[in-house]
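K.L.:
Sharing a structure below in structure tokens format, with a few things to ask.
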Amino acid sequence: MVRLTIDLIARVNTHTKRKRDEPLSQYLRRLTHLYFQERHIDEIDDLSLCKNLSVLYLYDNRISRIQNLHFASNLTHLYLQNNLINKIENLSLLRRLEKLYLGNNEITVVEGLEKLENLKELHIENQRLPPGEKLLFDPRSIQALSALCVLNVSGNNLEDLQDFRCLGNLNQFMAADNQLEDMKELAQVLAGWVNLWRLELVGNPLCRKAKYRDRVIVMSGSLEVLDGKEINETARKFLLSWKANKEARRRQREDRKKNGDADGTRRELPPLQLPHAPLRNYIMPGLPGARKQFEAILARSRSLPGSADVMGRGDMLAQKTEIIAELPKKSLSDLQAPIRSRYARILVGEPGGTPIPRDLPPPIRSSPVLRPSLQAKAIDVRSSNQFVDSKVL
């Protein structure tokens, strides 16, 4: 067991050396800082001779209990992180204490801080808690810390922030690696922290929500650093403008709803606007699914025997143009000749036999039979569009 005693201080302390022939009491009274971190210290002995002590470094040791510090009325900084402490006690006489570091211990309840009215920083992160438990806060201790500016409660399984709403002077709040997930509660808490400029929430379930960062920036107008990243002022202005527009649209919707249906019985529909010209795909409003029913009936009618294919005027013109393009051209005068007479000359033939073309250029007259595809198209055009009249045939 290693105890922090007066003799150990006189023998080991190298930051403030003892003068030759200087009395021990005078030397101890002259000390303001003690650096005894990482010394495997288990217990704090009586240090009442160090009356002017203001900073005490005892982190990374094996201390299990806070004791024998009642003498240090001038103590302002106390570093006890990374020890085995399971209870906050014996600190009520440290009225000038400003910074208290208790992270990485075994504390389950934050208590015994009612008298520390000047405390500005409290670091109590990552306590070694029993499985399934969270760090608890005594309301009397929290309400007494009106001057608190920095609070670190990261890694303590916290599910809400209601205990800290009374801390109106906070400017730095670290609550990473907890179980926070309520964005509305966060907005309410941040609304009361008007001086907050640093916020650490990484590792909480709410960080996985959509637009988490944008929403948090909008919640606090004083925030400068979020999760270790600086907030751009241009981005803040853009997000605030976006929020204002969103709120304006929401109020307009509420006003329209209130004015349009104030008594719950008045319902107005927009006036029916008919198209200025007949539309091919126009379906009368108020008949959902009518288009699909019409298409189904049309498909069944096409499948019936003897039913004619529906062909638009554009399709007919396209087919005629294709047939004319494949026909041989005789001359410019032939191209300018009426289509009816040209088709009549081509399709004249013996009854029941193969049509024999007439008045065609020599290369085509030498071939008495047209191509089957051209012949079929020509006959189809004759039958469907009546290009050849009965007198010619």
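Derivation of every value follows stated rules applied to the coordinates shown; laboratory data play no part. The structure displayed is predicted, hence computed values, not measured ones. Reconstructed Cβ throughout: ideal geometry from the backbone, glycine too, with neighbour counts over all protein chains shown.
K.L.:
In what sequence do Phe173, Phe36 fall when counting other Cβ within 10 Å, fewest first?
P.N.:
In increasing order of surrounding Cβ atoms, one gets Phe36, Phe173.
K.L.:
So what's the Cα pair-distance distribution over segment 3-244, bin width 10 Å, in %?
P.N.:
Final binned percentages: 7, 29, 29, 19, 11, 4, 1, 0.
K.L.:
Next question, about the same structure. What is the Cα coordinate range of segment 52-159 on the first, second and third principal axes, sorted by size from largest, in whole angstrom?
P.N.:
42, 31, 19
K.L.:
Considering only Cα-Cα distances, which of the following residue pairs are longer than 20 Å: Lys184/Lys257; Lys51/Lys99; Lys51/Lys120?
P.N.:
Lys184/Lys257; Lys51/Lys120
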